[in-house]
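A.B. asks: Quick one: structure below, then a few questions.
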Amino acid sequence: ADGIVKKQGSEGAWKATDNGQEHVSLSYTGLVLIALGGAPDDLRVTYRDAIAKAAKFIASKQGEDGAFGEGPKGGFLKTYTSGICMMALASADHEKYKDKLGNARGYLKANQLKEGPDKGGLGYGDLDPKKPNANLSTLGFAAEGMKAAGCPQDDEFFKLCVEYARKC
């Protein structure tokens, strides 16, 4: 873990590289935080500063709609990124970030498709979040994020997830 933690930026994030360009990535930061936050207690203690810094960075990037997204304005891959960031914040300190988690739950619930052939699925969250481009990958990240954020298993969100998954 030392090698990964050494690559953390001063703002608390880890970077991704797309087309030869490095940029801060909420998703990469979230994935590293999930690993560190879910590590055994002795490792969590060793990396507590990196965990806290990453969680604070992620929390600061939540949009007004409750979502977390990639890109300069946070408008891309909002379903994937929100699910990852929800798992990350919950693994770091669920109680401290309960309001952020609740806001992200609201975003995913509001953007789950409630009718049509993709009923129960979720799109990518780009531009028009209700655009019917649902798939099992976006659904999986959203469901894992909702579970980590404390959404009850008997919630309508999960019932619709099951309905969509059974059609695939």
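A.B. asks: So which of GLY102, GLY83 ends up being touching a residue at least 24 places away in the same chain (Cβ under 8 Å), over 11 Å from the mean Cα position of the chain (by Cα) and either open to solvent by 60 Å² or more (accessible area, probe 1.4 Å) or at negative phi (or both)?
C.D. replies: The unique qualifying residue is GLY102.
A.B. asks: Can you find even one residue in segment 40-51 that is open to solvent by 40 Å² or more (accessible area, probe 1.4 Å) and not in a helix (DSSP H, G or I)? Steps first, please.
C.D. replies: As a first pass, look at segment 40-51 and keep what is open to solvent by 40 Å² or more (accessible area, probe 1.4 Å): 40-46, 48-49.
Now restrict to residues that are not in a helix (DSSP H, G or I): 40.
Scanning segment 40-51 turns up at least one residue that is open to solvent by 40 Å² or more (accessible area, probe 1.4 Å) and not in a helix (DSSP H, G or I).
A.B. asks: Related question: Which of the following residues is touching a helix residue (DSSP H, G or I) at 6+ places or on another chain (Cβ under 9 Å) and under 20 Å from ILE58 (Cα atoms): TYR164, TYR107? Spell out the reasoning first.
C.D. replies: Working: TYR164 fails: under 20 Å from ILE58 (Cα atoms).
Checking each option against the conditions leaves just TYR107.
A.B. asks: In segment 8-39, how many are open to solvent by 80 Å² or more (accessible area, probe 1.4 Å), assigned to a loop (DSSP other than H, G, I, E, B) and at negative phi?
C.D. replies: So the answer is 1.
A.B. asks: May I ask you to list the residues in segment 68-80 that are surrounded by fewer than 18 Cβ atoms within 10 Å (Cβ to Cβ) and in a loop (DSSP other than H, G, I, E, B)?
C.D. replies: Narrowing segment 68-80 to residues surrounded by fewer than 18 Cβ atoms within 10 Å (Cβ to Cβ): 71-73, 75-76.
Within segment 68-80, GLY71, PRO72, LYS73, GLY75 meet the criteria.
A.B. asks: Here is a further query. Any idea which of GLU115, GLU163, GLU95, GLU144 is acidic (Asp, Glu), part of a loop (DSSP other than H, G, I, E, B) and at pLDDT 95 or above?
C.D. replies: GLU95
A.B. asks: If VAL5 meets every condition in (1) open to solvent by less than 20 Å² (accessible area, probe 1.4 Å); (2) farther than 23 Å from TYR124 by Cα; (3) among the β-branched types (Val, Ile, Thr) apart from one, which number is that one?
C.D. replies: Result: VAL5 fails condition (1) only.
A.B. asks: Quick test of your reading of the structure: ALA54 fulfils all but one of (1) farther than 27 Å from ALA16 by Cβ; (2) part of a helix (DSSP H, G or I). Name the failing condition by number.
C.D. replies: Failed condition: (1).
A.B. asks: Open to solvent by less than 30 Å² (accessible area, probe 1.4 Å) and touching a residue at least 60 places away in the same chain (Cβ under 8 Å), is that true of GLY145?
C.D. replies: Spelling it out, GLY145 is indeed open to solvent by less than 30 Å² (accessible area, probe 1.4 Å) and touching a residue at least 60 places away in the same chain (Cβ under 8 Å).
A.B. asks: What do you reckon, is ASP65 part of a helix (DSSP H, G or I), among the charged types (D, E, K, R) and surrounded by fewer than 24 Cβ atoms within 10 Å (Cβ to Cβ)?
C.D. replies: So ASP65 fails the test.
A.B. asks: Continuing with the same structure: If the requirement is being at pLDDT below 95 and out of contact with any strand residue (DSSP E or B) (no Cβ under 9 Å at 6 or more places or on another chain), which of these qualifies: GLY102, GLY83, GLY69, GLY74?
C.D. replies: Step by step, each of GLY102, GLY83, GLY69, GLY74 is checked, and only GLY74 is at pLDDT below 95 and out of contact with any strand residue (DSSP E or B) (no Cβ under 9 Å at 6 or more places or on another chain).
The values are calculated or read from the model by the stated rules, or taken from the named source; none is laboratory data. Small disclaimer: the values here were computed from a predicted structure and weren't measured. Because the Cβ atoms are built from the backbone with ideal geometry, glycine has one as well, and the counts that use them run over all protein chains shown. Accessible surface areas use protein heavy atoms only, side chains included; no ligands, DNA or RNA. Shrake-Rupley method; radii C 1.70, N 1.55, O 1.52, S 1.80 Å.
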